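Undergrad: Dropping a structure here in structure tokens format, bear with me for questions.
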Amino acid sequence: MTRAARGSRLSRGQRANLHGYLLSAPSYLAVTLVILIPFCAVVIFAFADFRLIDIQQMTLGTIDWSLANFAKALSSGTFWGALGTTVAYAVFTTIGVIGGGVVVALAMRRPFPGQTVVRALFLVPYVLPVIAGTTIWRTMLNPQYGFLNAFGTQVLGWETPIAFLTTKTFQVGSVGIPMALTVVILFEIWKSAPFTFLFVTARLQNVPAELEDAAAIDGANARQRLTHIVLPQLRTVVMVLLLLRFIWSFQNFNDIYLLTQGAGGTEVMAVKVFKELTVRADVGSAAAYGLCMTVILLVFGIGWALVNRRKEAM
Amino acid sequence: MQVNRRITSAVGLTLTAALALAACSGGGDDGDGGEASGPITFWTPHVQPERMAAQQDIADEFTEETGIEVEVVAMAGADQDQALVTGAASGDVPDVVLHAPDLSAWQTQGLVDSDAATAVIENLGADTFNAQALDIINIDGAYQAIPSDGWVHLIVYRTDLLEEAGLEVPTSLDELADAAETIRQEEGITGMAMGTQVGTPSATEAVESIFQQTGCQLVTDGTVQIDSAECAQAAGDFATLADSSAAGQFDVDSARSTYLDGKAAFFLFSTHVLDELAGLDDDNPLTCAECGDNEDFFVENSDFITVLDENNPAQYGTTLNYVIPTGANTEAAQQFVEYMLSDGYATMLGTAPEGRIPLRPGNADDPTQYLDEWGTLPMGGSDQSVGDLYGEDLVTSLGEGMNAVSRWGFGTDDAVLAGETFAQNVLAEHLDALYSGTDPQQVVSDMAADVQSLQDDLG
């Protein structure tokens, strides 16, 4: 009775659908548990007025809804300071990572002796665990024992060592350089340019040699071949990298926290969220900061999609 | 579209269920908090293996006496912040935490059981504690924790170098700055070694330590005072002291190794350095040229300034306090803390006597019992006490020094503001401008503006 009866109730298409749902159920479950529920919790915390100790007793019915967390964040100078730092960090790392990766990929395009070794070496920063990378940088940049400061004071004749990771503004003549911020940006470029390099190299290997040959026969010089043949082919991959890279940089926490703990004008939004949570034990405020980050990224993502669609249509 | 709606409603349901579950389990957890004899968890910031072993021994003795099991967990101060926040959110808190007095954030979020702490203090007798230490952990008129021990900052100096440069022992901050500058110019080595790295906790400590020497205050009765003339004067001296470094900006570790390398004349550090100066700490070996022949070089050629300026006897220091979190196994936790401050006290202080001056000097029967015992405790795995090495005078002045421990805002209504200013290194962020030659009055005005905006943020 069972099998035949069930078979008669569900059409073949419905059964296929059911199978589909069953097979994808684990992923829905995982997404719900590790993304949707925590995200909803963040939204609730951001709009609630509560003390940390009250979380245990919180239910949806008893929450004291309030915009206080956002009002406090948006009216505080540190929020806008952190936002400015984050935008500067994200923009410059994105430019550096993509620019650096593309340049190196183009430079290593034609085979040369030792190409494999050089390529592999270039990937080391990307493969290195972030804690190892930051430890190396911290050691090299240390004002007392660091290699760079020893070289600077003994060979280049600097008067005093430079505290690279804690100096907010370094004066070169009359120009102030945001020293610590520059260092964390350079670190990210050093660490992540290989990622761009990998993607761009893969794409370059698919650029048909005939196209360039044909252009050369038609009298195009090397620069023209690069700007008119090769670079346009990289547009799609670079646009995708641009989006990914900006989002990742905007949210970056690990490198910055491990290098400076947010000192010297490197307190980006992610570090600020962490400090609101641990130093001030203020979950509501941390959630509000986090949500603001999400909104900003969402706006950026939508803007990116619109620009991209318009260009593709052209 | 229909699928989407179904998913949305499913998510909604799951979420409601999850919140309801969390609420229920929250209620259930209270059950195990109430059992008086259950095992308790103790977080200690003394994480070095030999100190852990000593604390485990005390805990075992306590278990033998009371039948209450104790799990001793090694957790540094900064990790405690993080772990207590996540623990409180999930209802899993330790029962006793040994922590610095920056309790304002925890207190604001309701994480601290001040009734439990007050009961312990009253039971042991509030008059058996160091009054200053009790003031420091008093927020909103209630004790937030039970003081255990503490350390103060000392200015260590090289008697031989001062003599060589023809310098008197300084008795004010101005004189100290001048002396450090002279050393730098005449001897070519660092004048003052102290935490000066912009925006770091090391520099935050040094700023509070040095600025107080002119009577500078961060905030009094809710009014930010860091832009006062005293503070500007201190800032100017601080810049001179930082500039007297021959090795750039220091953190506490590099400041210490510079002094132990014989490359600094003055050195600002906590009492923790007393064993290291005698070469008793393997982790911080003596590396100076003279030390090879003479292990006692620093003991013989160092002296200490405890109170720099008699007019402003304010010593930077900190205390460690037993915090009983809300939701802890209160009764057992209280018993444990009382044991740690009586029968187990001397052993606990003995893990590092040079940096752990008792804040409960004695009990009702003998008001100085623990202070006296502490004076004879051997340092750093040796058989020598502070008194043996440096003389009884230093023991007395350290014991008394705990009465001069002064921290900006602690124990007043401004504790939250002072705590946040400290935790976020607000003042130390401005050292950058100070070092690059900005007028000290301008720097302290900028500091004041930042503290003011922090005060506005805190509401």
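Undergrad: Would you point out which residue out of B:Glu50, B:Glu61 is more than 23 Å from B:Gln334 (Cβ to Cβ), touching a residue at least 60 places away in the same chain (Cβ under 8 Å) and open to solvent by 30 Å² or more (accessible area, probe 1.4 Å)? Let's see the steps before the verdict.
TA: Values: B:Glu61 fails: more than 23 Å from B:Gln334 (Cβ to Cβ).
Criteria check complete, one pass: B:Glu50.
Undergrad: Answer yes or no as to whether B:Ala333 is in contact (Cβ under 8 Å) with a residue 12 or more places away in the chain, surrounded by fewer than 16 Cβ atoms within 10 Å (Cβ to Cβ) and not polar (S, T, N, Q).
TA: Details: in contact (Cβ under 8 Å) with a residue 12 or more places away in the chain: yes; surrounded by fewer than 16 Cβ atoms within 10 Å (Cβ to Cβ): no; not polar (S, T, N, Q): yes.
Here the answer is no, as B:Ala333 does not meet what is asked.
Undergrad: Look through B:Gln249, B:Gln233 and report the one residue that is touching a Ser or Thr at 6+ places or on another chain (Cβ under 8 Å), open to solvent by 40 Å² or more (accessible area, probe 1.4 Å) and touching a residue at least 40 places away in the same chain (Cβ under 8 Å). Step through it out loud before you land on a result.
TA: Numbers: B:Gln249 fails: open to solvent by 40 Å² or more (accessible area, probe 1.4 Å).
None of the other options fit; the residue is B:Gln233.
Undergrad: Now for a separate question. Filter region B:425-445 down to residues that are farther than 13 Å from A:Ala263 by Cβ and in contact (Cβ under 8 Å) with a residue 40 or more places away in the chain and give me whichever is farthest from the other protein chains (Cβ to nearest Cβ).
TA: Quick first cut of region B:425-445, residues farther than 13 Å from A:Ala263 by Cβ only: B:433-445.
From what is left, the residues that are in contact (Cβ under 8 Å) with a residue 40 or more places away in the chain are B:434-435, B:440-441, B:443-445.
Details: B:Leu434: 12, B:Tyr435: 9, B:Pro440: 17, B:Gln441: 19, B:Val443: 13, B:Val444: 17, B:Ser445: 16 Å.
Checking each candidate, the answer is B:Gln441.
Undergrad: I'd like the full set of residues that are more than 30 Å from B:Asp261 (Cβ to Cβ) and in contact with a helix residue (DSSP H, G or I) (Cβ under 8 Å, 6 or more places away or on another chain), limited to region B:138-171. First the steps, then the outcome.
TA: Going residue by residue through region B:138-171, those that are more than 30 Å from B:Asp261 (Cβ to Cβ) are B:138-148.
Correct list: B:Ile139, B:Asp140, B:Ala142, B:Tyr143, B:Gln144, B:Ala145, B:Ile146, B:Pro147, B:Ser148.
Undergrad: How about region B:88-99: which of its residues are crowded, with 20+ Cβ neighbours inside 10 Å and more than 9 Å from every other protein chain (Cβ to nearest Cβ)?
TA: B:Val93, B:Pro94, B:Asp95, B:Val96, B:Val97, B:Leu98, B:His99
Undergrad: Among the listed residues A:Leu156, A:Leu226, A:Leu198, identify the single one that is more than 14 Å from chain B (Cβ to nearest Cβ), open to solvent by 40 Å² or more (accessible area, probe 1.4 Å), over 26 Å from the mean Cα position of the chain (by Cα) and touching a residue at least 60 places away in the same chain (Cβ under 8 Å). Walk me through how you get there before you give the answer.
TA: Details: A:Leu156 fails: touching a residue at least 60 places away in the same chain (Cβ under 8 Å); A:Leu198 fails: over 26 Å from the mean Cα position of the chain (by Cα).
Checking each option against the conditions leaves just A:Leu226.
Undergrad: Additional query: Within region B:110-123, can you find the residues that are surrounded by fewer than 24 Cβ atoms within 10 Å (Cβ to Cβ) and facing another protein chain (nearest Cβ under 8 Å)?
TA: Listed by number, the list holds a single entry, B:Gly110.
Undergrad: Of all the residues that make up region B:154-188, how many are within 14 Å of another protein chain (Cβ to nearest Cβ) and in a loop (DSSP other than H, G, I, E, B)?
TA: 1
Undergrad: While we're looking at this one, here's another question. Considering only residues of region A:63-81 that are open to solvent by less than 50 Å² (accessible area, probe 1.4 Å) and within 27 Å of the chain's Cα centre (by Cα), which is nearest to the other protein chains (Cβ to nearest Cβ)?
TA: Looking at residues that are open to solvent by less than 50 Å² (accessible area, probe 1.4 Å) and within 27 Å of the chain's Cα centre (by Cα), I get A:Ser76.
Undergrad: Another one. Of everything in region B:182-220, what is among the aliphatic types (A, V, I, L, M) and surrounded by 24 or more Cβ atoms within 10 Å (Cβ to Cβ)? Give them in sequence order. Show your work before the answer.
TA: Pass one, region B:182-220, residues among the aliphatic types (A, V, I, L, M): B:183, B:189, B:192-194, B:198, B:203, B:206-207, B:210, B:218-219.
Residues satisfying the conditions are B:Ile183, B:Met192, B:Ala193, B:Met194, B:Val198, B:Ala203, B:Ala206, B:Val207, B:Ile210, B:Leu218.
Residue-wise test of (1) within 14 Å of chain B (Cβ to nearest Cβ); (2) touching a residue at least 24 places away in the same chain (Cβ under 8 Å).
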| residue | (1), (2) |
| --- | --- |
| A:Ala25 | yes, no |
| A:Val42 | yes, yes |
| A:Arg51 | yes, no |
| A:Gly61 | yes, no |
| A:Val118 | no, no |
| A:Leu123 | no, yes |
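Undergrad: Then there is this: Scan region B:395-437 residue by residue and report those that are among the charged types (D, E, K, R) and crowded, with 19+ Cβ neighbours inside 10 Å. If you could, list the steps in order and put the result at the bottom.
TA: We begin by selecting, within region B:395-437, every residue among the charged types (D, E, K, R); these are B:400, B:407, B:413-414, B:420, B:429, B:432.
Within region B:395-437, B:Arg407, B:Asp414, B:Glu420, B:Glu429, B:Asp432 qualify.
Here is a yes/no grid of residues against (1) part of a strand (DSSP E or B); (2) open to solvent by less than 50 Å² (accessible area, probe 1.4 Å):
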{"position": "B:Tyr259", "(1), (2)": "no, yes"}
{"position": "B:Phe267", "(1), (2)": "yes, yes"}
{"position": "B:Asp282", "(1), (2)": "no, no"}
{"position": "B:Pro285", "(1), (2)": "no, no"}
{"position": "B:Glu290", "(1), (2)": "no, no"}
{"position": "B:Glu300", "(1), (2)": "no, no"}
{"position": "B:Thr319", "(1), (2)": "yes, yes"}
{"position": "B:Tyr322", "(1), (2)": "yes, yes"}
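Undergrad: Just to check your reading of the model, which residue among B:Asp343, B:Asp372 is assigned to a loop (DSSP other than H, G, I, E, B) and open to solvent by 30 Å² or more (accessible area, probe 1.4 Å)?
TA: Values: B:Asp372 fails: assigned to a loop (DSSP other than H, G, I, E, B).
Only one candidate passes the filter, namely B:Asp343.
Undergrad: Of the numbered conditions (1) touching a residue at least 12 places away in the same chain (Cβ under 8 Å); (2) out of contact with any Gly (no Cβ under 6 Å at 6 or more places or on another chain), A:Ala180 fails exactly one; give the number of that condition.
TA: Among (1) touching a residue at least 12 places away in the same chain (Cβ under 8 Å); (2) out of contact with any Gly (no Cβ under 6 Å at 6 or more places or on another chain), A:Ala180 violates only (2).
Undergrad: On to the next question. Which condition number in (1) open to solvent by less than 70 Å² (accessible area, probe 1.4 Å); (2) touching a residue at least 12 places away in the same chain (Cβ under 8 Å); (3) closer than 30 Å to B:Ala433 by Cα is the one that A:Trp190 fails?
TA: Condition (1) is where A:Trp190 drops out.
Undergrad: Follow-up. Return yes or no: is A:Thr166 under 23 Å from B:Ala428 (Cα atoms), surrounded by 22 or more Cβ atoms within 10 Å (Cβ to Cβ) and facing another protein chain (nearest Cβ under 9 Å)? Before the answer, list the steps.
TA: On the way: under 23 Å from B:Ala428 (Cα atoms): yes; surrounded by 22 or more Cβ atoms within 10 Å (Cβ to Cβ): yes; facing another protein chain (nearest Cβ under 9 Å): yes.
When the stated conditions are applied, A:Thr166 passes them.
Undergrad: Which helices (runs of 4 or more DSSP H) sit wholly inside region A:233-314 and have at least 1 residues that are under 20 Å from the mean Cα position of the chain (by Cα) and among the acidic types (Asp, Glu)?
TA: A:254-260
Undergrad: Can you tell me how many residues in region B:241-256 are out of contact with any Lys or Arg (no Cβ under 9 Å at 6 or more places or on another chain) and assigned to a helix (DSSP H, G or I)?
TA: Qualifying residue count for the region: 7.
Undergrad: Something else now. Consider A:Ala193 against the criteria (1) of a type outside the set (Ser, Thr, Tyr); (2) assigned to a loop (DSSP other than H, G, I, E, B); (3) within 20 Å of A:Ala90 (Cβ to Cβ): it satisfies all of them except one. Which criterion is unmet?
TA: All conditions are met except number (2).
Undergrad: Scanning for something closer than 30 Å to A:Ser285 by Cα, part of a helix (DSSP H, G or I) and open to solvent by 10 Å² or more (accessible area, probe 1.4 Å), does region B:438-446 turn up at least one residue? It would help to see each step written out before you state the result.
TA: Just the residues of region B:438-446 that are closer than 30 Å to A:Ser285 by Cα, to begin with: B:443-446.
Among the residues that remain, those that are also part of a helix (DSSP H, G or I) are: B:443-446.
Subsequent filtering for residues that are open to solvent by 10 Å² or more (accessible area, probe 1.4 Å) retains B:445-446.
Within region B:438-446 (the criterion being closer than 30 Å to A:Ser285 by Cα, part of a helix (DSSP H, G or I) and open to solvent by 10 Å² or more (accessible area, probe 1.4 Å)), the answer is yes, since at least one residue qualifies.
Undergrad: What pairs come up if the first residue lies in region A:247-265 and is open to solvent by less than 20 Å² (accessible area, probe 1.4 Å), the second is among the aromatic types (Phe, Trp, Tyr), and their beta carbons are under 7 Å apart, counting only those six or more places apart or on different chains?
TA: Note: pairs meeting the criteria are A:Ser249/A:Tyr89; A:Asp255/A:Phe187; A:Leu259/A:Trp137; A:Leu259/A:Phe187.
Undergrad: State which residue is farthest from B:Val219 (Cα to Cα) when the search covers only region B:398-411 and only residues that are in contact (Cβ under 8 Å) with a residue 60 or more places away in the chain and out of contact with any strand residue (DSSP E or B) (no Cβ under 8 Å at 6 or more places or on another chain).
TA: So in region B:398-411, the residues in contact (Cβ under 8 Å) with a residue 60 or more places away in the chain come out as B:398, B:401-411.
Pick out the ones that are also out of contact with any strand residue (DSSP E or B) (no Cβ under 8 Å at 6 or more places or on another chain) and you get B:403, B:410.
On the way: B:Asn403: 21, B:Phe410: 10 Å.
So, considering only residues that are in contact (Cβ under 8 Å) with a residue 60 or more places away in the chain and out of contact with any strand residue (DSSP E or B) (no Cβ under 8 Å at 6 or more places or on another chain), the one farthest from B:Val219 (Cα to Cα) is B:Asn403.
Undergrad: Ok, one more. Among the residues of region A:19-44, how many are within 25 Å of the chain's Cα centre (by Cα) and open to solvent by less than 70 Å² (accessible area, probe 1.4 Å)? Quick ask: steps written out before the conclusion?
TA: Within region A:19-44, the first condition is being within 25 Å of the chain's Cα centre (by Cα), and the residues that meet it are A:27, A:30-43.
Subsequent filtering for residues that are open to solvent by less than 70 Å² (accessible area, probe 1.4 Å) retains A:27, A:30-32, A:36-38, A:40-43.
Total satisfying the criteria: 11.
The values are calculated or read from the model by the stated rules, or taken from the named source; none is laboratory data. These figures come from a predicted structure and were not determined experimentally. Heads up, the Cβs are rebuilt from the backbone with ideal geometry, glycines too, and the neighbour counts pull from every protein chain shown. For the accessible areas, the whole protein counts, side chains as well, though only heavy atoms, and no ligand, DNA or RNA atoms are used. Shrake-Rupley method; radii C 1.70, N 1.55, O 1.52, S 1.80 Å.
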